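Notes for the one structure printed next.
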There are 2 protein chains.
Amino acid sequence: MKKTIGILGGMGPLATADLLIKIVTMTKAACDNEHIRVFVDDNAAIPDRTAAILHGGEDPVPEMLSALRNLEKCGADCLLMPCNTAHYFLPRLQAETEIPFINVLSVTSERCADLHPGKTAAILATTGTLATGLYQKELNAQGVPFLVPNEEEQAKLMHLIYDLVKASLPLRPAAQDWRSVLDGLRGRGADYFILGCTELPIVASTLEEEGPFVDPTEEMARAAILFCGYEVKE
Amino acid sequence: MKKTIGILGGMGPLATADLLIKIVTMTKAACDNEHIRVFVDDNAAIPDRTAAILHGGEDPVPEMLSALRNLEKCGADCLLMPCNTAHYFLPRLQAETEIPFINVLSVTSERCADLHPGKTAAILATTGTLATGLYQKELNAQGVPFLVPNEEEQAKLMHLIYDLVKASLPLRPAAQDWRSVLDGLRGRGADYFILGCTELPIVASTLEEEGPFVDPTEEMARAAILFCGYEVKE
């Protein structure tokens, strides 16, 4: 009996759909019936994670638990959260369920070590994710050197994430901002970029700048496909 | 209290993700929390609908009901099936639940009458959908003139749907097939095309041919957004 995936989604809704597409297109399958059964609760009511971590905003865990309970009822065998920042709350969520979460920060950091040994990663993420130090900890555990954006670059990333992707606005006007963040980090020694907020793969696929990029949404999809006993398409 | 959507999916998995993206991008929302809560059971185990209708293949209703029960447990307020052919089984499914289904064939036919009054539609759909006569009946009810592909054109459509989209293979090699279907129907009087199989909007967005097209997946998304008390983005 092959296994199923539960997506604890809504953080944000477009990133949730992006993960679902990546699971479908990365699974080796020749017809509908060879795909993985996936349950999604795209719970748009989950309060903002960065606001909760940095500014005492509303605790997102109760709404996250509401989605978790639905995925349990559906019979999910593993859980994915397409939101890097949300992983700050993972210990509280994992304590509430027997179903294993696949930790996006762990699988991404392992992949960085495999794909780019000895090279320096730039962590592109929300201010909330960076403040938790979770990526820094996971990359250190894998021996991956890294750097983070400066204040000005971070403000440009937050603009792209919050004012454009999450607001469903066109990204093209911010193409210069995106390029200047990448160029700035490259100039300070970055060899590649971790798209460490699930809105950023959407930015990277729309505003075609040179990477190389490591896409945590893809890494989440890959880890879940393998966990469920399916093959990843080459 | 705004309402929620349940997607009875997996028919196929890529079409299910396409519907989720359309719901998200068509909803007027300025941040994550202004989006609709959507539950998905992307149940890839549902047997092929066309095979069941035409060739005595396995009855898909038991696996469809398995997904329906999950969406009930999650608390969906309305139900969408991103598979036109599956609507042949809608009466049996609706008899099993109090939650209203939004019928993609009805909302699409209404939209055809609104957008293209007096013009002739070509129904692009699976052989199973055409055999049920469901689109023909709904278009007749709206007074919309229509025609259907000839045998050769229908074989090309089924090749695109089953051998390429559902098999996750590149569509580009079949670009000439797609163009010849559209040209043939246009030559016989079609003014526009109903993408009446949920794999076909994927074909139409990849192989950029002139339409105009009416996309039932978009119409399903629009009807559900309005049902839930949200606004459609212009």
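The values are calculated or read from the model by the stated rules, or taken from the named source; none is laboratory data. The structure displayed is predicted, hence computed values, not measured ones. Please note: Cβ atoms are built from the backbone with ideal geometry, for glycine as well, and neighbour counts cover all protein chains shown. Surface accessibility is based on the protein's heavy atoms, side chains included, excluding ligands, DNA and RNA. Shrake-Rupley method; radii C 1.70, N 1.55, O 1.52, S 1.80 Å.
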Helices (runs of 4 or more DSSP H) completely within segment A:100-141 that count 3 or more residues being closer than 26 Å to A:Ala155 by Cβ, open to solvent by less than 40 Å² (accessible area, probe 1.4 Å) and touching a Pro at 6+ places or on another chain (Cβ under 8 Å): A:104-115
Qualifying positions in segment B:60-70 - open to solvent by 10 Å² or more (accessible area, probe 1.4 Å) and within 14 Å of A:Asn33 (Cα to Cα): B:Glu63
Failed item, numbered, when B:Val181 is tested on (1) closer than 17 Å to B:Lys22 by Cα; (2) among the hydrophobic types (A, V, I, L, M, F, W, C); (3) surrounded by 15 or more Cβ atoms within 10 Å (Cβ to Cβ): (1)
Members of segment A:25-54 that are more than 7 Å from every other protein chain (Cβ to nearest Cβ) and either surrounded by fewer than 17 Cβ atoms within 10 Å (Cβ to Cβ) or farther than 22 Å from B:Lys3 by Cα (or both): A:Met26, A:Thr27, A:Lys28, A:Glu34, A:Arg49, A:Thr50, A:Ala51, A:Ala52, A:Ile53, A:Leu54
Filter result for A:Tyr192 (touching a residue at least 24 places away in the same chain (Cβ under 8 Å), open to solvent by less than 20 Å² (accessible area, probe 1.4 Å) and touching a His at 6+ places or on another chain (Cβ under 8 Å)): yes
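Listed here are the residues, each with its yes/no results for (1) away from chain A (no Cβ under 14 Å); (2) over 21 Å from the mean Cα position of the chain (by Cα); (3) within 30 Å of A:Met26 (Cβ to Cβ).
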position: B:Gln142; (1), (2), (3): yes, no, no
position: B:Pro173; (1), (2), (3): yes, yes, yes
position: B:Gly184; (1), (2), (3): yes, yes, no
position: B:Tyr192; (1), (2), (3): yes, no, no
Criterion: of a type in the set (D, E, K, R) and not assigned by TED's automatic domain parsing to the domain that holds A:Thr50 - qualifying residue of A:Arg222, A:Arg172: A:Arg172
Residues that are among the aliphatic types (A, V, I, L, M) and not in a helix (DSSP H, G or I), drawn from segment A:191-228: A:Ile194, A:Leu195, A:Leu207, A:Val214
